[in-house]
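> Structure in structure tokens, see below.
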Amino acid sequence: MLEAMASGLPVIAPAEGGQIDHIIHGKTGLLFDSDDVEALVAAVRYLLKHDEVREQMEYASLKHLSNITWSNIFEKLMVDYEQTIQNGPIIHQREQSHQHPIIKPE
């Protein structure tokens, strides 16, 4: 996913897992409910029909990734580990903090 974004491709991905840390729905890509195949189809159709939106997402993806380094990734990982050690798993906190509007079929 990061490689696609670094290549200037807008990403369509399920709204779960690590990609929600990098995909800003509607800006750097589109997120959909992983149980909803029609939402995936709608997202693909949307990008195919809207060249200007797709081009804006390409630019935004490249800009977003220009701020990400291995050092930044490692620092964030260490903070997550430290919080987990101190407070227990943080999975629920992260999921709640990443509430995205999910694309729905038209």
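> Scan the range 46-84 for residues that are among the aromatic types (F, W, Y) and either surrounded by 12 or more Cβ atoms within 10 Å (Cβ to Cβ) or under 11 Å from G29 (Cα atoms) (or both) and report the count.
Result for the range 46-84: 2.
> So, one more: Across the range 28-59, which residue is farthest from V11 (Cα to Cα) among those that are of a type in the set (A, V, I, L, M, F, W, C) and not in a helix (DSSP H, G or I)?
F32
> Which condition number in (1) in a helix (DSSP H, G or I); (2) more than 14 Å from the chain's Cα centre (by Cα) is the one that L62 fails?
(2)
> Shifting gears a bit: Find all pairs meeting these conditions: Cβ atoms under 7 angstrom apart; at least six residues apart or on different chains; first residue within the range 1-26 and surrounded by 14 or more Cβ atoms within 10 Å (Cβ to Cβ); second residue in a helix (DSSP H, G or I) and of a type in the set (V, I, T).
Close Cβ pairs satisfying both conditions: I12/V44.
> May I ask you to verify whether I73 is in a loop (DSSP other than H, G, I, E, B) and under 17 Å from E3 (Cα atoms)?
Values: in a loop (DSSP other than H, G, I, E, B): no; under 17 Å from E3 (Cα atoms): yes.
In short, no.
> If only one of E58, E75, E38 is among the charged types (D, E, K, R) and touching a residue at least 60 places away in the same chain (Cβ under 8 Å), which one is it?
One residue alone meets the criteria, E38.
The numbers here are math on the coordinates, done by the rules we state, and not lab data. From a predicted model like this one, the values you see are computed outputs, not experimental measurements. Note that we place each Cβ from the backbone using ideal geometry, even for glycine, and neighbour counts take in every protein chain shown.
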